[in-house]
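Student: The structure under discussion is supplied below as structure tokens; questions concerning it will follow.
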Amino acid sequence: MELGRVVGQVVSTVRDLGLPNLTFLLVDIVDAKGNVTFPNQVAADTIGAGEGEVVLLVRGSSARLILEGKRPLDLSVIGIVDQISSGKEAIYQK
């Protein structure tokens, strides 16, 4: 799993027939402190994450498991992060 921050939305009205009507988000991959490590990734979202939120992401075959059948997905949002802490210190708080 990876952490990401939602920075926008990607709209694609013409798409592969294997993809249902999904929302696609533009996310930056971030470290626990919010520093961008890999910008501008497109992730499928089935949980309703919004711009500015920190999310949990999965890649590859794990990303495809959020939908039934074989789908051409490589990055999917699987959770919205409420808090990140290390020891007693809260690194991120929603």
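Student: Within region 62-69, is there a residue that is in contact with a Ser or Thr (Cβ under 7 Å, 6 or more places away or on another chain), in contact (Cβ under 8 Å) with a residue 12 or more places away in the chain, within 24 Å of Gln93 (Cβ to Cβ) and buried (at least 17 other Cβ atoms within 10 Å of the Cβ)? Give the steps one after another, and end with the answer.
Tutor: Applying the first criterion (in contact with a Ser or Thr (Cβ under 7 Å, 6 or more places away or on another chain)) to region 62-69 yields 63, 66.
Those still in the list that are in contact (Cβ under 8 Å) with a residue 12 or more places away in the chain too: 63, 66.
Keeping just the survivors that are within 24 Å of Gln93 (Cβ to Cβ) gives none.
Within region 62-69 (the criterion being in contact with a Ser or Thr (Cβ under 7 Å, 6 or more places away or on another chain), in contact (Cβ under 8 Å) with a residue 12 or more places away in the chain, within 24 Å of Gln93 (Cβ to Cβ) and buried (at least 17 other Cβ atoms within 10 Å of the Cβ)), the answer is no, since none of the residues qualifies.
Student: So which residues in region 1-28 are more than 21 Å from Ala90 (Cβ to Cβ), among the hydrophobic types (A, V, I, L, M, F, W, C) and at pLDDT 90 or above?
Tutor: Listed by number, the residues that qualify are Val7, Val10, Val11, Phe24, Leu25, Leu26, Val27.
Student: Would you be able to tell me the number of residues in region 60-80 that are modelled with pLDDT of 95 or more and charged (D, E, K, R)?
Tutor: Number satisfying all stated conditions: 0.
Student: Tally the residues that are hydrophobic (A, V, I, L, M, F, W, C) and part of a strand (DSSP E or B), restricting the search to region 1-48.
Tutor: We begin by selecting, within region 1-48, every residue hydrophobic (A, V, I, L, M, F, W, C); these are 1, 3, 6-7, 10-11, 14, 17, 19, 22, 24-27, 29-30, 32, 36, 38, 42-44, 47.
Next, from what is left, pick out any that are part of a strand (DSSP E or B): 3, 6-7, 10, 24-27, 29-30, 36, 38, 42-44.
Residues in region 1-48 being hydrophobic (A, V, I, L, M, F, W, C) and part of a strand (DSSP E or B): 15 in total.
Student: Which residue out of Val10, Val42, Val36, Val6 is touching a strand residue (DSSP E or B) at 6+ places or on another chain (Cβ under 9 Å), among the β-branched types (Val, Ile, Thr) and closer than 17 Å to Asp82 by Cα?
Tutor: Val6
The values are calculated or read from the model by the stated rules, or taken from the named source; none is laboratory data. Worth saying up front: this structure is predicted, and the values here are computed from it rather than measured. With ideal geometry, Cβ positions are generated from the backbone for all residues, glycine too; neighbour counts draw on all protein chains shown.
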